[in-house]
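The values are calculated or read from the model by the stated rules, or taken from the named source; none is laboratory data. Nothing here was measured: the structure is a model prediction, and the numbers come from that model. Every residue, glycine as well, gets a Cβ built from its backbone with ideal geometry; the counts of neighbours run over all protein chains shown. Only protein heavy atoms, including side chains, enter the accessible area calculation; ligands, DNA and RNA are left aside. Shrake-Rupley method; radii C 1.70, N 1.55, O 1.52, S 1.80 Å.
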Amino acid sequence: MIRFENVTKTYKGSTVALRDVTLDIDKGEFVFMVGASGSGKTTFIRLLLREELPDQGRILEAGRDIVHLPKWRVPYLRRNIGCVFQDFRLLPNKSVFENVAFALEVIGRPKHVVSTQVPQVLDLVGLSKKRDNLPGELSGGEQQRVAVARAFVNRPLILLADEPTGNLDPATSQGIMQLLDRINRTGTTVVVATHDEILVNWMRRRVVELDHGTVVRDQARGVYGIDAGPGAIEPEPPAQATG
Amino acid sequence: MPVSVDYVTRETASNLWRNRLMTIAAVLTVAVSLSLVGAALLLRQGAAKAEVDWQRGTQVTVWMQPAAGTAEVNAVSTELTALSYVQQPCIYRNQHQNYKQAEVLLTPDEFSVLKVSDMPTSYWCTPAQPQDAKEVIARFSGQPGVRNVTAPLAQIHSEEEAITVIQAVFLVVALVLLVSAAVLILNTIRMAIFARRREVSVMKLVGATNWFIRVPFMSEGMIQGLIGSGLAAAAVYGLHVVLNHIGNPDNPGAVFTQMRMTGWEVFATDVVVVLVGVFIGTLGSAIAIRRFLDV
């Protein structure tokens, strides 16, 4: 599903964000990207979204080289990727329903599809009763649920989450992770960049650790810190999708 | 994917209302700037109108020799009547009429030595265009029975120069104001879009194409430009009413009277003002949003 081949990304001032990274993520996998601040996690996500271009290497998504994708095709690429961020990035003037519906409007889905799919996904994230509230009227956890709903309403192949629990308390964070896990069980590939040790250890999914832009650990059913348990370095095959 | 009219209408209306302070700022900027541009254009038109009025009275006088025979006088008369670039009829003044006019123009001492028989007869003609006066002078000078042909050429020349300068000044003022207006409007729209850059980044994130994002913003700019320039057009019309009020038709020599314009002439200026407003509003938005689309 996602393939990085010898990808290097350097920012101005010769800061190396990613150094010769080679990585495969299969369809339906749930992967944690961990590492200290500045290790390259966010750059990894930005490269997948084509917000940045690598200096070297190839990036393939669903078999397509996104590095050489023409600029005008980038919006179409993003329609197959859902995104969740630490700061939610909701439209403050739109209601919960409108925020989620916006992702469908953008890709030209007809009204009847919008009116069917949005309630379904709001039900999934447990916000059916708050569909008419504005983001400012919701708690942080609820806002992040709206962001997850917006990311998933389009049934993307890949869901990327950059520190999705960074602004949330542990209990709420766990709820968001369970939600991402449910989405993953539908067959969507989920990549989460995080610092949250408790959640990574609790989930026991594949962990890729970055250090100064280099992959230093790739462990199936890993934990946040170094774990020399079985499965280290070589990832296990992805879990079977259930729907 | 085409952008739906329903989406654009809904987004434009809600954004204009939600950002109403910025909308008011943009509309007022367009209104004030384009009012000044329109006023400059109106005054330029007024100056052109005054020039026509000033020159309309330009006359050429063909002075005959006092001793010119009837045949010579008739020949000049026939020739003048045939000229297409001279307004008909030309006015003939006999020796007695010119003698009486001399009494008004000359001092008593000068007039006392004059006799009716010394006075020439004359033809007073109005050329269709002031510059045709030169043609008339060239045609009749030296003709049998003609003493000389006169016209206020120096006056025409200086009037033309003065009006040309005035028109150029108004045109330059209008252009400078137009550029200032464009920059002001662009800056206001840019500030409005800057305040919403986060919204644009979210749109990009969920896969909106550049046109999908751009069209509602352009539509907002167009409406702001339309309302602002509509107000400016009203201000220009107001200026026209004031100028016409000051210009008293009973005093045809007054500058403001000669600058009086018809409603159609003002309407044409207003159309220019509205078109410029809509154009700057729409294009300004398109330019202002460009840098935020490159994500």
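If you build a Gaussian network model of chain B, linking Cα atoms that sit under 10 Å apart, which residue out of B:25, B:40, B:174 swings the most?
B:25
Using θ = phi - 60° and the Karplus relation 6.51 cos²θ - 1.76 cosθ + 1.60, list the HN-Hα couplings for the stretch A:51-64 in order, rounded to whole Hz, with x at every Gly or Pro.
Values per residue, Gly and Pro as x: 7, 10, 10, x, 7, 9, x, 10, 10, 10, 10, 6, x, 10 Hz.
Quick one: helix A:96-106 against the long Cα principal axis of chain A, what's the angle to the nearest 10°, folded into 0 to 90?
70
If you wrap the stretch B:57-139's Cα atoms in a convex hull and average its projection over all directions, what's the area in nm²?
Projected over every direction and averaged, the Cα hull of the stretch B:57-139 covers 5.9 nm².
Taking only Cα atoms, what is the 0 to 90° angle, nearest 10, from helix A:111-124's long axis to the longest principal axis of chain A?
So the helix axis and the longest Cα principal axis differ by about 70 degrees.
Tally the DSSP beta bridges in the protein assembly as shown and give the antiparallel ones as a percent, rounded to 5. Working shown, then result.
Details: 32 of 50 bridges.
Among the beta bridges of the protein assembly as shown, antiparallel pairing accounts for roughly 65 percent.
As a quick test, which of the pairs A:71/B:204; A:111/B:204; A:9/A:41; B:100/B:134; B:49/B:134 have an alpha carbon distance above 18 angstrom in this structure?
A:111/B:204; B:100/B:134; B:49/B:134
How about the stretch B:1-104: which GluC sites (Glu not before Pro) there lie in a loop by DSSP and see at most 12 other Cβ atoms within 10 Å?
none
How much accessible area per residue does the protein assembly as shown have, counting only protein heavy atoms and a probe of 1.4 Å, in square angstrom?
Details: 26150 Å² over 538 residues.
It amounts to 49 Å² per residue over the protein assembly as shown.
Count, for each residue of A:22-35, the Cβ atoms from other chains sitting within 10 Å of its Cβ, then give me the mean as a whole number.
Mean shielding count: 0.
Could you give me the percent of Cα pairs per 10 Å distance bin for chain B, shortest bin first, beginning at zero and ending with the bin that holds the maximum distance?
Binned Cα distances yield the sequence 6, 20, 18, 15, 12, 10, 8, 6, 4, 1, 0.
Amide H neighbours of residue A:56 under 5 Å, counting only residues 5+ apart in sequence or on other chains, H built in-plane at 1.01 Å?
Result for residue A:56 returns A:8.
Against the 2.2 N^0.38 Å scaling, with N counting residues, where does the stretch A:1-139 land? I'd like the Cα-based Rg ratio to two decimal places.
Working: Rg = 17.8 Å, N = 139, 2.2 N^0.38 = 14.3 Å.
Normalised by 2.2 N^0.38 Å, the Cα Rg of the stretch A:1-139 equals 1.24.
Compute the projected area of the convex hull of the Cα atoms of the protein assembly as shown, averaged over all viewing directions, and report it in nm² to one decimal place.
Numbers: hull surface 153.8 nm².
So the Cα hull casts an average projection of 38.5 nm².
Determine the share of chain A's accessible area contributed by carbon and sulfur atoms, expressed in whole percent, with a 1.4 angstrom probe.
50
Over the whole of A:79-87, what's the average partner chain Cβ count within 10 Å per residue? Rounded to a whole number, please.
Details: counts 4, 1, 3, 3, 4, 0, 2, 0, 1.
Partner Cβ neighbours, averaged per residue: 2.
Using each residue's phi in the stretch B:78-84, evaluate 6.51 cos²θ - 1.76 cosθ + 1.60 at θ = phi - 60° and report the 3J(HN,Hα) Karplus result to the nearest Hz, with x for Gly and Pro.
Listing the rounded values in order: 4, 5, 5, 5, 7, 6, 6 Hz.
Cut-off 10 angstrom, C-alpha nodes, Gaussian network model of chain A. Which of A:42, A:189, A:15 fluctuates the most?
A:15
Determine ³J(HN,Hα), in whole Hz, for all residues of the stretch B:229-241 in sequence, where each value follows from phi through the Karplus function 6.51 cos²θ - 1.76 cosθ + 1.60 and θ = phi - 60°; x replaces Gly and Pro.
6, x, 5, 5, 5, 5, 5, 5, 5, x, 4, 4, 5
Just the number, please: buried accessible area between B and A, total of both chains, 1.4 angstrom probe, nearest 100 square angstrom.
Interface between B and A: roughly 1900 Å².
Given the options B:157, B:245, B:96, which has the most mean-square fluctuation in a GNM of chain B, springs set between C-alpha atoms less than 10 angstrom apart?
B:96
If I compute solvent accessible area with a 1.4 Å probe over the protein chains, what percent of it on the stretch B:59-151 is carbon and sulfur?
On the way: 2860 of 5370 Å².
Here it works out to 53 percent.
Pairing the Cα long axis of helix B:20-56 with the longest principal axis of chain B, what angle in degrees results, from 0 to 90 and rounded to the nearest 10?
10
So who's got an amide H within less than 5 Å of the one on residue A:187, skipping anything under 5 residues away but keeping other chains? H placed 1.01 Å off N, in plane.
Amide H neighbours of residue A:187, under 5 Å, 5+ apart: A:242, A:243.
Do any trypsin sites (Lys or Arg not before Pro) in the stretch A:21-111 lie in a loop, going by DSSP, with at most 14 other beta-carbon atoms within 10 Å of their beta carbon, and if so which?
A:27
What aspartates and glutamates could a cross-link reach from residue A:130, if we take a straight Cα to Cα line under 18 Å and drop same-chain neighbours fewer than 8 places away?
A:98, A:142
Give me, ordered by chain and number, the residues 5 or more places off residue A:32 or on other chains with an amide H under 5 Å from its own placed amide H.
A:192, A:206, A:207, A:208
Would you mind pulling out the separation of the Cα centroids of the stretch A:19-33 and the stretch A:43-96, in Å?
Measuring centre to centre over Cα atoms gives 15 Å.
How crowded by other chains is A:99-108, given as the mean number of beta carbons from other chains within 10 Å of each beta carbon?
Whole-number average of other-chain Cβ neighbours for A:99-108 is 5.
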